[in-house]
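Peer 1: This structure is in structure tokens; I'll ask about it shortly.
Values in this text are rule-based calculations from the coordinates and carry no lab data. Everything numeric here is computed off the predicted structure, so don't read it as measured data. Every residue, glycine as well, gets a Cβ built from its backbone with ideal geometry; the counts of neighbours run over all protein chains shown.
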Amino acid sequence: MSATKTARFLETSYTTEDSLNKLVSGLNEDTRLVERRKRLWNIFNDLPIDQDTLFYKYTTFRKFDPETLLPEWKTPTVEAPIISKQNVKNISFKATRYPNSLLIENANGVVVETLQDFINSHEQVAIRILETLKEHERDDKFGALAGSFTRSTLVVYIPPNMEVPEAINLLTAISASGVALFSELIIYLDTNSSGKITEFYLGSGESLAAANLIVNRTHVILNENSRLEYSVFQKLNDQDIFIVAKSSDLKDKANLTNFTQLEGSEMSRVNSLMKLFGEHSEGYDLFNQFGSERQRFDVKSELIHTGKSTIGQTHSRAVMMNRAESILRGLIHITKSGVNADSWLTSHGLTVGKGKIVAIPALQIDQNDIAASHSASVEPLNKEKLFYIESRGITEEDAKSLLIKGYFEPVIKYLKNESVKELARTFIAESWETKKLE
């Protein structure tokens, strides 16, 4: 796809002002939300596909034509699909998309509802959320599009002084084909609260007649002394396109572990922006990427330290097999006000066959009283390690399995939730069984 076509990506017949007006007319939303949608749509049209001055534009979509898709708000009612993944069968989901119906279950004190309903039930908190969101409207072109065309924005709200020991599980399941799904998620933890949220993007696992497009905008807002473990597992169908824009705001003594594991889709583009503006706030941006054949992954992580004595880390591990490609663009930005910041960026990749990995770390330091470092490496599957393991009576296939699965452990070790650790390992094991046969 040429640079011009890439820049115009998603400027389709269903992302026009007329389409937006038709969508809005059927939703009966608060005036503030309607104005926000229209403002985001204008921002989408105004922004370039990638705003970075430090990086080249890597995201391309090859022969994928979003014009051929049907937006989910025009699709027939979809019944909940049967999720065949053994490791998620027994998980209770608090909110699910299928993709054009949103089902919400009781969350035991945690508020899980649409933004419209949240305005009705918690207007003052909703006003604070909308004020914060406005500061991020120009972060990402696709994020602005998701916010303008989502059928319903989902809010997960943990009230003050509430500790939620059980994970809140969210599911987006794509069983249709040829659908464009736009969604937005807001996670808001009030003062002195804590929780665990795990989000799943799952495909049917079958060969579909046409690719799907999933565009999501996620906002994480942590107030003073709040703690969140937020994990995302993406295992869509291999022909799908997956685009996510994340923003995270951390106030004083807030702590966020933000983990993303990418295994499915033909193209995954994830932009993660984490702002550590509270004193003694801590943020960990973690990524695992496992690709094969023609899969491509474009991940950007940006940590901005503006508060005093903040800790921020980005860690990524990628394994690309056959002709899969991965790019991690990492940036640490410590502003003048970020006194005593401690930041660390690592990006390491393992190639098998003709896999390709590019790691681009960068530091932008405007304050001397800090500690910051980065490391990056890309290596092929080590033949000497394979030989050593095989010499212990292990088959070549099992030796490869051990090395590849074990390569993700340095990122997994940062996870505190044991069930999420096991999920990460199980999904990787499942992908290995599929990818090694291709």
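Peer 1: Just how many % of Cα pairs in the range 109-188 lie over 14 Å apart, if you round to the nearest whole percent?
Peer 2: Every Cα pair in the range 109-188 considered, those over 14 Å come to 68 percent.
Peer 1: On to the next question. Report relative contact order for the chain in percent, whole number only (criteria: Cα-Cα under 8 Å, sequence separation at least 6).
Peer 2: Once normalised by length, the contact order is 9 percent.
Peer 1: For an R0 of 30 angstrom, estimate the FRET efficiency from the Cβ-Cβ distance between residue 294 and residue 371 and round to the nearest 0.05.
Peer 2: The pair residue 294/residue 371 has a calculated efficiency of 0.15.
Peer 1: Send over the semi-axes of the range 286-438's equivalent ellipsoid, whole angstrom and largest first, taken as the square roots of 5 times the C-alpha gyration tensor eigenvalues.
Peer 2: 33, 16, 14
Peer 1: Let me ask another. Using just the Cα positions, wrap the range 265-318 in a convex hull and report its mean projected area in square nanometres, one decimal place.
Peer 2: For the range 265-318, averaging the hull's shadow over all directions gives 3.6 nm².
Peer 1: Given points 7 Å out from each Cα along the Cα-Cβ axis, report the residue 396 to residue 363 separation in nanometres with one decimal.
Peer 2: Here the modelled spin labels are 4.3 nm apart.
Peer 1: Regarding the range 216-333, what whole-number volume in Å³ per residue does the convex hull of its Cα atoms give?
Peer 2: With only Cα atoms used, the range 216-333 gives 70 Å³ per residue.
Peer 1: With runs of 4+ DSSP H residues as the only contributors, calculate the mean residue ellipticity of the chain at 222 nm using -39,500 (n - 2.57) per run, divided by the residue total and rounded to the nearest 500.
Peer 2: Mean residue ellipticity at 222 nm (helix-derived): -6500 deg cm²/dmol.
Peer 1: Could you tell me which label, among (i) 37, 22, 20; (ii) 31, 27, 22; (iii) 35, 30, 19, carries the value of semi-axes √(5λ) of the Cα gyration tensor in Å calculated for this structure?
Peer 2: Recomputing semi-axes √(5λ) of the Cα gyration tensor in Å here picks out (ii).
Peer 1: Follow-up question, since we're still on this one. Packing-wise, with mean Cβ within 10 Å as the measure, how do 94-102, 409-417, 319-327 rank, highest first?
Peer 2: Listed from highest to lowest mean packing, they are 319-327, 94-102, 409-417.
Peer 1: Assuming a ≥ b ≥ c are the square roots of the Cα gyration tensor eigenvalues, decide whether the range 132-280 counts as rounded (a/c under 1.5), prolate (otherwise, with a/b larger than b/c) or oblate.
Peer 2: Prolate, because a/c is 1.5 or more and a/b exceeds b/c.
Peer 1: Here's something else I'd like to know. Pick out, from 202, 291, 19, the residue whose Cα sits farthest towards the positive end of the charge dipole of the chain, with +1 on the Cβ of Lys and Arg and -1 on the Cβ of Asp and Glu.
Peer 2: Comparing the listed Cα positions along the dipole, 291 ranks first.
Peer 1: Still on this structure, I have one more. Tell me, what HN-Hα J-couplings in whole Hz come from the Karplus equation 6.51 cos²θ - 1.76 cosθ + 1.60 at θ = phi - 60° for each residue of the range 381-398, using x for Gly and Pro?
Peer 2: For the range 381-398, the Karplus curve yields 4, 6, 5, 5, 5, 4, 4, 4, 5, 5, 5, 8, x, 9, 5, 4, 5, 5 Hz.
Peer 1: Measure up 94/275; 22/196; 354/400 against 25 Å on the Cα-Cα distance and list the ones that go over.
Peer 2: 94/275; 22/196
Peer 1: Using a Förster distance of 35 angstrom, determine the FRET efficiency expected from the C-beta separation of residue 92 and residue 336, and round it to 0.05.
Peer 2: Between residue 92 and residue 336 the formula returns 0.15.
Peer 1: For each of 305, 280, count neighbouring Cβ atoms within 10 Å of the residue's Cβ, then give the residues from fewest to most.
Peer 2: By the 10 Å Cβ count, ascending: 280, 305.
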